[in-house]
Amino acid sequence: MERITYANADTGYTIARIDTGRGPDLVTAVGPLAGAQVGESLRLQGRWTSHPKYGKQFDVFSYSTVLPATVQGIRRYLGSGLIKGIGPVMAERMVDHFGVDIMHIIDEAPERLVEVDGLGPKRTAMITSAWAEQKAIKEVMIFLQGVGVSTSLAVRIYKKYNDRSIDIVRAEPYRLASDVWGIGFKTADAIAVAVGIAHDSPERIKAGLAYTLSEAADDGHCYLPAPNLISDAAKILEVPPGMIGPCLDELVAVEGAVREELPSHDDDSPRVPAIYLPPFYQAERALAASLRRLLAARDDRLSAFATADWTAALRWLSQRTGNSLAPEQESAVRLALTSKVAVLTGGPGCGKSFTVRSVVELARAKRAKIVLVAPTGRAAKRLAELTGHEAATIHRLLQLRPGGEPSFDAASPLDADLVVVDETSMVDVILANKLVKAIPPGAHLLFVGDADQLPSVGAGEVLRDMLTAGTLPVVRLTKIFRQAQQSGIVVNAHKINAGEQPSLRDFADFFWFGCDDSEQTAALVVDIVARRIPARFGLDPRRDVQVLCPMHRGPAGAGNLNLLLQEALTPYREGQPERRYGGRVFRVGDKVTQLRNNYEKGAAGVFNGTVGVVTGMSIEDHRLAVLTDEDESIMYGFDELDELAHAYAVTIHRSQGSEYPAVVIPLTTGSWMMLQRNLLYTGVTRAKRLVVLAGSRRALAIAVRTRGAGRRHTALDYRLRPGALVAKQQSVARAASV
């Protein structure tokens, strides 16, 4: 394989150029070549075809790797970066010393590698280990490919189970969906069919129910009503709904799922049987209990403010900051410093930031121990700049350890008098529960956020539930300050939130570029980011400009725009290292984002949504370095690159909690499923200095006109109300009697 010209990470479909050794011309091969690396020798099975545009090519049905037999082939194979510890220079030395026998030396007499100049015992051991792992993976892959598993997933399965891989895949295929990141029910189900598990087996149906609940959690729901769960699972499993009920009962009775009757939003049926996966049930209940505990605490770590002279305090604050608080802001400051739990909400330009700074200034004046947190590194940085006080992400504050368990909890609380949580709208129920558990009795907890933004990526609707419960003290800022009324970002954000079309020509910080074709819109966005914004505003296209897309797919989606923007901003350069993984090519200078929580990396883990820049790459050592937006350098092995994706363009959902100097949002009718008011509102409010919308006026109109999706299935608001505990006990008693 000489080079890969296209690869789809999801399907494995690849277009590659192959040197057959039968002449100077390269052959185009197309088909399922996922996992094949440049420099490898392949045995391809398929047929010759003729493409009307590209001519003769080989249509691949399957492939296997074979060891090269010529000096030139061996040199390219070893120098391709496939074997950890061997780069192009070392490959030359090894082949020069041993010739065509080098492959047998590595395999059968690796101790002789020290004969090569520059190869000491440490690197020899690395090469030997990497070679043995490659051989073991190949053996497992032969079996896994036989049951329909792609090469990239086979590597993950092997990394998880090692020598037990084949036994576990045969006996417990549905276990893969919960154990192996990147494998869902559908993949596990296809494997289960291949190893002979029956379509209507209870094991399959229970796995399908758990998958349906997990998918609902990915969509933000903490639970599903039982009728919805059965209906959705029946469609996914393609079995009659009547077969699902008994399996659901077993899932609840034996395997830990929770059934609870909750108040219904439907007038025709006052209560609904809710089915939870255990983590979300436990988190929702514990979060409500912790908030009640804080509200009821007798201790008060900020007791000085209960008897404060507020006229004098606010006068001192005005002198300190050079600004006076509006009446709404004064109420918020007093509430935060006199109530154990409080919520501050409001849209852009309404003074949330200055209110938070004022709370911190007054608490600092009383020598209070202040803790400031936000869900993302960017949001924490912004909070620190705003207040002049150190801020951290929630994950780092709690010091989450492998498995996600925090160092701080109810038994080992934080040492804090005041805790301020910014960007609360994006905090999911699991993370909120971990944080609130760690707040000591008597401390004050202030939640700050905009409830009109998109809810959290994870399950729950914590901020909205706290606002609608009616049991927590709340201040809602509504007045837009005069200076903010000059900003197109602020004015148009409020217009969009009210269902009005934004003003597209009246402001120097808000621009519109019309284009009805999706592919032309994508090209326009690349031109705006790479050329127009840097030329006019002097902003760095990688550091300062962020493309935010309604969805990942499509010509103007985040996936395709990342390819186009990478070629414009970080193109291939002769002699510079790069590494392909699946459908992505990683280069030094690339902007990337973490795709999952990994508690093993860095000083305190690296978390889903963390953004950084690739700062270095070693083909020989099989790793690259990423400098995150929290200024931490993280090393990734080449076998861990499935955790990274390019971040020149991200979905608006993934941008929550972040703020960028400039935001570019493509709007096309191809994204109609995601064109919603709160999505566009969230995207616009991520910008600090500049917003550029590009695309179809019709798409813009649809986004403004379409209200967001309905409420998620959550019950935190119910659990925060006074009668919830009694109702819960009665519900459990009824379930026990049944």
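The values are calculated or read from the model by the stated rules, or taken from the named source; none is laboratory data. Predicted model only: the values in this text are computed from it and were never measured. Ideal geometry is used to build each Cβ from the backbone, glycine not excepted, and the neighbour counts take in all protein chains shown. Please note that ligands, DNA and RNA were not included when accessible areas were found on the heavy atoms of the full protein model with its side chains. Shrake-Rupley method; radii C 1.70, N 1.55, O 1.52, S 1.80 Å.
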Some residue of the range 660-676 being open to solvent by 20 Å² or more (accessible area, probe 1.4 Å), without any contact (Cβ under 8 Å) to a residue 60 or more places away in the chain and under 29 Å from Leu119 (Cα atoms): no
Among the residues listed as Asp415, Asp428, the single one being open to solvent by 10 Å² or more (accessible area, probe 1.4 Å) and within 29 Å of Ala365 (Cβ to Cβ): Asp415
Those residues of the range 565-585 which are surrounded by fewer than 20 Cβ atoms within 10 Å (Cβ to Cβ) and either in contact with a Pro (Cβ under 8 Å, 6 or more places away or on another chain) or modelled with pLDDT of 85 or more (or both), in sequence order: Glu567, Ala568, Leu569, Pro571, Tyr572, Arg573, Gln576, Pro577, Glu578, Val585
The range 281-297, subset of a type in the set (D, E, K, R) and surrounded by fewer than 24 Cβ atoms within 10 Å (Cβ to Cβ), residue farthest from Gly220 (Cα to Cα): Arg293
Residue match in the range 493-511 (condition: open to solvent by 10 Å² or more (accessible area, probe 1.4 Å), within 21 Å of Leu372 (Cα to Cα), at pLDDT 90 or above and among the aliphatic types (A, V, I, L, M)): no
Search result, residues across the range 218-250 that are outside any helix (DSSP H, G or I) and within 26 Å of Ala715 (Cβ to Cβ): Asp219, Gly220, His221, Cys222, Tyr223, Leu224, Pro225
Some residue of the range 370-379 being open to solvent by 10 Å² or more (accessible area, probe 1.4 Å) and free of Cβ contacts under 8 Å to residues at least 60 places away in the same chain: yes
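Would the range 555-571 turn up any residue that is assigned to a loop (DSSP other than H, G, I, E, B) and charged (D, E, K, R)? Break it down into steps so the answer makes sense when it comes.
Within the range 555-571, the first condition is being assigned to a loop (DSSP other than H, G, I, E, B), and the residues that meet it are 555-557, 570-571.
Now restrict to residues that are charged (D, E, K, R): none.
Within the range 555-571, none of the residues are assigned to a loop (DSSP other than H, G, I, E, B) and charged (D, E, K, R).
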Filtered residues of the range 251-280 (kept if open to solvent by 70 Å² or more (accessible area, probe 1.4 Å) and hydrophobic (A, V, I, L, M, F, W, C)): Ala253, Val254
Residue that is modelled with the highest pLDDT, among those in the range 266-280 that are within 34 Å of the chain's Cα centre (by Cα) and in a loop (DSSP other than H, G, I, E, B): Leu277
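Inside the range 484-539, counting only helices (runs of 4 or more DSSP H) that do not spill past its ends, which hold 2 or more residues that are under 26 Å from Lys352 (Cβ atoms)?
Numbers: elements: 488-497, 518-527, 533-537.
The helices (runs of 4 or more DSSP H) meeting that bar are 488-497.
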The one condition in (1) at pLDDT below 90; (2) closer than 20 Å to Ala154 by Cα that His51 fails to fulfil: (2)
Residues satisfying the stated conditions in the range 77-127, i.e. exposed (fewer than 13 other Cβ atoms within 10 Å of the Cβ), within 19 Å of His622 (Cβ to Cβ) and among the aliphatic types (A, V, I, L, M): Val89
Unmet requirement for His444, which otherwise passes all of (1) closer than 25 Å to Tyr281 by Cα; (2) modelled with pLDDT of 95 or more: (1)
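Each row is one residue, and each column tells you yes or no for (1) open to solvent by less than 60 Å² (accessible area, probe 1.4 Å); (2) of a type outside the set (Val, Ile, Thr).
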site: Ile230; (1), (2): yes, no
site: Leu237; (1), (2): yes, yes
site: Gly242; (1), (2): no, yes
site: Asp249; (1), (2): no, yes
site: Thr311; (1), (2): no, no
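Keeping to the range 168-217, report how many residues are outside any helix (DSSP H, G or I) and either under 25 Å from Ser231 (Cβ atoms) or open to solvent by less than 20 Å² (accessible area, probe 1.4 Å) (or both).
Just the residues of the range 168-217 that are outside any helix (DSSP H, G or I), to begin with: 172-174, 180-184, 195-201.
With the extra rule that they be either under 25 Å from Ser231 (Cβ atoms) or open to solvent by less than 20 Å² (accessible area, probe 1.4 Å) (or both), the set shrinks to 173-174, 180, 183-184, 197-201.
Here the count works out to 10.
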Count of the range 460-478 residues which are in contact with a strand residue (DSSP E or B) (Cβ under 9 Å, 6 or more places away or on another chain) and not in a helix (DSSP H, G or I): 7
Tabulated pairs, the range 506-534, first touching a residue at least 12 places away in the same chain (Cβ under 8 Å), second open to solvent by 30 Å² or more (accessible area, probe 1.4 Å) and in a strand (DSSP E or B), C-beta under 8 angstrom, 6+ apart or interchain: Asp509/Arg689; Leu524/Phe513; Ile528/Phe513
Number of positions in the range 705-726 that are of a type outside the set (Ser, Thr, Tyr), crowded, with 16+ Cβ neighbours inside 10 Å and either farther than 21 Å from Leu467 by Cα or at pLDDT below 65 (or both): 1
Qualifying positions in the range 348-363 - at pLDDT below 90 and open to solvent by less than 10 Å² (accessible area, probe 1.4 Å): Cys350
Considering residues of the range 596-648 that are touching a Leu at 6+ places or on another chain (Cβ under 8 Å), among the hydroxyl-bearing types (Ser, Thr, Tyr) and not in a strand (DSSP E or B) only, the residue surrounded by the most Cβ atoms within 10 Å (Cβ to Cβ): Tyr648
